[in-house]
Amino acid sequence: MKVSARNVFKGQITGLVDGAVNAEVELTLPGGDRIVAIVTEGSVKSLDLAVGQKAIAYVKAPWVIILAGEPEVRFSARNQLTGQVSSVRKGAVNSEVVIVLPGGSTVYAVVTNEAVLELGLKEGVPATALIKASHVVLGVPV
């Protein structure tokens, strides 16, 4: 199956907190990096989500916000993934920025060319990808 989401993270569910309406699901990737998703309780049931189960997290690249340098504020985004920029590919208006995490996972972000310049994003620069847990879509292998 092919999907349009640039970020596809395969891993194992290592945490599941049920709520009245939504559940928080933690997915641990092979290198130890973690992604948190907020899904409905209906999704938990229909996908049969459980700790230990394999799952796939999908995140569209435009939903990723990039921070450069040390954060001066705290953020509500559950996923704050710090790594190093491995490449920047410039387009006419936007650039694709690739961040490699310590565990080896890769996060793709699409940001404006102006943001790339303002943040000083280039290969080797430390950067953090912010992803709201509600922007993570989960799937399970069939």
Worksheet item: Given the conditions (1) surrounded by fewer than 17 Cβ atoms within 10 Å (Cβ to Cβ); (2) in contact (Cβ under 8 Å) with a residue 40 or more places away in the chain, and given that Asp33 satisfies all but one, which numbered condition is not satisfied?
Response: (1)
Discussion item. I'd like to check something: does region 56-70 contain any residue that is at pLDDT 95 or above and over 16 Å from Lys132 (Cβ atoms)?
Written reply: yes
Worksheet item: Hey, among Asn113, Asn7, Asn94, which residue is polar (S, T, N, Q) and within 16 Å of Ser134 (Cβ to Cβ)?
Response: Asn7
Response to the item:
Picked from region 93-142 (must be without any contact (Cβ under 8 Å) to a residue 12 or more places away in the chain and hydrophobic (A, V, I, L, M, F, W, C)), the residue nearest to Ala55 (Cα to Cα) is Val142
Worksheet entry | Selection from region 6-27 of residues that are within 25 Å of Glu96 (Cα to Cα) and crowded, with 17+ Cβ neighbours inside 10 Å | Arg6, Asn7, Phe9, Gly11, Leu27
Response to the item:
Filtering region 39-55 for residues that are surrounded by fewer than 18 Cβ atoms within 10 Å (Cβ to Cβ) and of a type in the set (A, V, I, L, M, F, W, C) leaves a count of 3
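The values are calculated or read from the model by the stated rules, or taken from the named source; none is laboratory data. Quantities reported herein were computed from a predicted structural model and do not represent experimental measurements. We place every Cβ from the backbone using ideal geometry, glycine too, and count neighbours over all the protein chains shown.
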